């Protein structure tokens, strides 16, 4: 069946422009899930959104700028979920809090492949083609998003001030590395599946992330 284009009205008022930006983001999610970073283009976005290519560039001057916004949106959703888990952990026995938090993070990120892929692109790709103004806005928004869960993590796990943020930054590094190891190329996956001598090198993302996060806290 032919792909149905989204109908856009001409955006004149600020709220209409915000609505259009949200609609563009929805199209970008779908296209990224299907095509990945290499297959995604602003022309494809404009085509699927029913926009002129120049209109799409009025909202996002580069593909990287669009994906930074997409990453922020995905992080907002996930960090709200983690915030709710941290609220619940305040009522749990202190001895169980670390293991429960690490399990929650691992399972939640295991269920969010789009977020993991975006995090893997962040430093190597997305931050390489943005100007200083856009970079500052992104980093400030990222710091704002992390502030509350980082502080709550310090409270729940009795960490010193500043350790909560370091925990999330280090978790990010683990997510990127383990995601790539857990999703090898078809050839490598076939080799790992076929040769028992290599079975120990197969990575289960959620299990390994949970174990590494526990070691990190310890």
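The values are calculated or read from the model by the stated rules, or taken from the named source; none is laboratory data. As the structure is a prediction and not an experimental result, all values here were calculated from the model. As a convention, Cβ positions derive from the backbone with ideal geometry for all residues, glycine included, and neighbour counts pool all protein chains shown.
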Single residue of segment 184-211 satisfying the filter (touching a residue at least 12 places away in the same chain (Cβ under 8 Å) and not in a helix (DSSP H, G or I)) that is surrounded by the most Cβ atoms within 10 Å (Cβ to Cβ): 203
Among (1) over 19 Å from the mean Cα position of the chain (by Cα); (2) assigned to a helix (DSSP H, G or I); (3) surrounded by 17 or more Cβ atoms within 10 Å (Cβ to Cβ), the one test that residue 32 misses: (1)
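A quick yes/no check of all residues on (1) closer than 16 Å to residue 171 by Cβ; (2) in the same structural domain as residue 205 (by TED's automatic domain parsing); (3) buried (at least 20 other Cβ atoms within 10 Å of the Cβ):
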| residue | (1), (2), (3) |
| --- | --- |
| 77 | no, yes, no |
| 83 | yes, yes, no |
| 98 | yes, yes, no |
| 118 | yes, yes, yes |
| 123 | yes, yes, no |
Tally, over segment 65-111, of residues that are free of Cβ contacts under 8 Å to residues at least 24 places away in the same chain, within 13 Å of the chain's Cα centre (by Cα) and farther than 30 Å from residue 45 by Cα: 0
Count of residues meeting criterion [part of a helix (DSSP H, G or I), out of contact with any helix residue (DSSP H, G or I) (no Cβ under 6 Å at 6 or more places or on another chain) and without any contact (Cβ under 8 Å) to a residue 12 or more places away in the chain] in segment 51-61: 3
Residue 158 vs. criteria in contact with a helix residue (DSSP H, G or I) (Cβ under 9 Å, 6 or more places away or on another chain), loosely packed, with under 12 Cβ neighbours inside 10 Å, farther than 25 Å from residue 29 by Cα and in contact (Cβ under 8 Å) with a residue 40 or more places away in the chain: yes
Lone qualifier among 62, 153 - being surrounded by 15 or more Cβ atoms within 10 Å (Cβ to Cβ) and under 24 Å from residue 31 (Cβ atoms): 62
Residue match in segment 161-176 (condition: assigned by TED's automatic domain parsing to the domain that holds residue 122, more than 21 Å from residue 64 (Cα to Cα), surrounded by 12 or more Cβ atoms within 10 Å (Cβ to Cβ) and over 19 Å from the mean Cα position of the chain (by Cα)): yes
